[in-house]
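The values are calculated or read from the model by the stated rules, or taken from the named source; none is laboratory data. Every value quoted in this text rests on a predicted model; they were computed, and no experiment measured them. For neighbour counting, all protein chains shown are included, and Cβ atoms are generated from backbone atoms with ideal geometry for every residue, glycine included.
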Amino acid sequence: MTTANYRSYENLFLHEAAKRYGFDPNRIRHIGGFENLVYETERDDRELILRITPSTKRTPDYVAAELDWMLRLADYGVQVARPVESLNGRLMEAAETEAEPLLMGVFEKAPGGHVGADHPLWGPRLFEQWGQLTGRMHRHSETYAPPEGIPRRLGSALDEVYPEPSDEEAPSADRDREGTDEAGPEAVKQALARVYTRIAADVERLPKDGGRYGMCHRDLHHGNFFADEAGRMTAFDFDDCGDDYYLQDIAMPVYYASVFASWEKPETDPGLVSDFAGRFLDDFLRGYERERRIGSGWLKQLPMFVEKRRLDLCLILFDIWGSEKATAGQREWISADSKAILRDIPCMSLHL
């Protein structure tokens, strides 16, 4: 069921949310959401965000684990959108509906707004702060343990799962490079899934000890933080958080800032992407290493994480951006990116 389907009976769960959290049901405004329903509201003159999560998407335990991690970070003084308790003193509430239980969470609204390539704050100072915020989360992650009764969230359990190839479809880089231009959309998509499976397996074989692995945001691109007029950042949308390699949280900003600085027109020129990525990474790491160090040897694995995210996003968007409903820029990007992936052309060159 899509989020649009849930909105057909949203009055039911919005009134329930208002009753549980103590805000006016007539002052709740839908503002978006890709996999969740997201609303803006207020209580006691505080601007709040209400998030509704289908229980088929996340279990109550996983939502509880996410909210505990966010609250712990906020208590440490990390700039994140603090979860807000219900009138019952709970961070998460559940509402029964005719379809399934819906999980409710409320957060303080982050100050400021989104920042992209056309924003005056977009530049080295913001990139450094982005890195420092990420490094601060990772520093606290090293000592974090969820309370009894709340499981650890495993990042790998939240990743997209693509069908295992049959013996005849066993991963073969040579075969996937063949016929890229002539293949139909479904064949291209299957080939991309095979490449993703190979890279994901390579990532999972990397060592998880020595300060390489822990609780991560896993999706801290520039759509998931706000910055105020002074440039102070606040992170939100921890829906994908979980135990992962810390490099994952570095690869995401590098990839998105370099390719999707403008969401409407992703960059397809590898030279321009590489040039920006190199400068961005220097600024980002300058901020990150104010909080914790990352070895240069381990950093050399970063391109593999960038390519993993590139592939995952290409597969997620393949049908949508390959359709006639997509913009010309979106169709151009999905076509160029698919062909480059299947020809083993990286989206960027990083000098590490």
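Evaluate the following for LEU342: is it more than 21 Å from HIS222 (Cα to Cα) and crowded, with 19+ Cβ neighbours inside 10 Å? Considered against the rule, which asks whether it is more than 21 Å from HIS222 (Cα to Cα) and crowded, with 19+ Cβ neighbours inside 10 Å, LEU342 comes out as yes. Selection of region 44-66 for residues being in contact (Cβ under 8 Å) with a residue 24 or more places away in the chain, not in a helix (DSSP H, G or I) and not aliphatic (A, V, I, L, M) yields ARG46, GLU47, ARG51, THR53, PRO54, SER55, THR56, ARG58. If you take the residues in region 295-337 that are within 21 Å of LEU350 (Cα to Cα) and polar (S, T, N, Q), which one is surrounded by the most Cβ atoms within 10 Å (Cβ to Cβ)? Filtering first and then ranking leaves GLN301.
Sort through ALA99, ALA117, ALA110 and tell me the only one that's assigned to a loop (DSSP other than H, G, I, E, B), at pLDDT below 90 and either in contact with an Asp or Glu (Cβ under 6 Å, 6 or more places away or on another chain) or on the phi < 0 side of the Ramachandran plot (or both).
None of the other options fit; the residue is ALA99.
Restricting to region 23-43, count the residues that are of a type outside the set (Phe, Trp, Tyr) and either at pLDDT 95 or above or in a strand (DSSP E or B) (or both). Count: 10.
Restricting attention to region 300-339, which residues are among the polar types (S, T, N, Q) and farther than 16 Å from LEU192 by Cβ?
Those that are among the polar types (S, T, N, Q) and farther than 16 Å from LEU192 by Cβ: GLN301, SER323, THR327, GLN330.
Among the candidates GLY278, GLY287, the residue that is assigned to a helix (DSSP H, G or I), at pLDDT 95 or above and buried (at least 19 other Cβ atoms within 10 Å of the Cβ) is uniquely GLY287.
One line per residue, one yes/no per condition, for (1) among the aromatic types (Phe, Trp, Tyr); (2) surrounded by 21 or more Cβ atoms within 10 Å (Cβ to Cβ); (3) modelled with pLDDT under 95:
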residue	(1), (2), (3)
ARG175	no, no, yes
GLU178	no, no, yes
GLU186	no, no, yes
LEU206	no, no, no
ALA227	no, yes, no
ASP244	no, yes, no
VAL254	no, yes, no
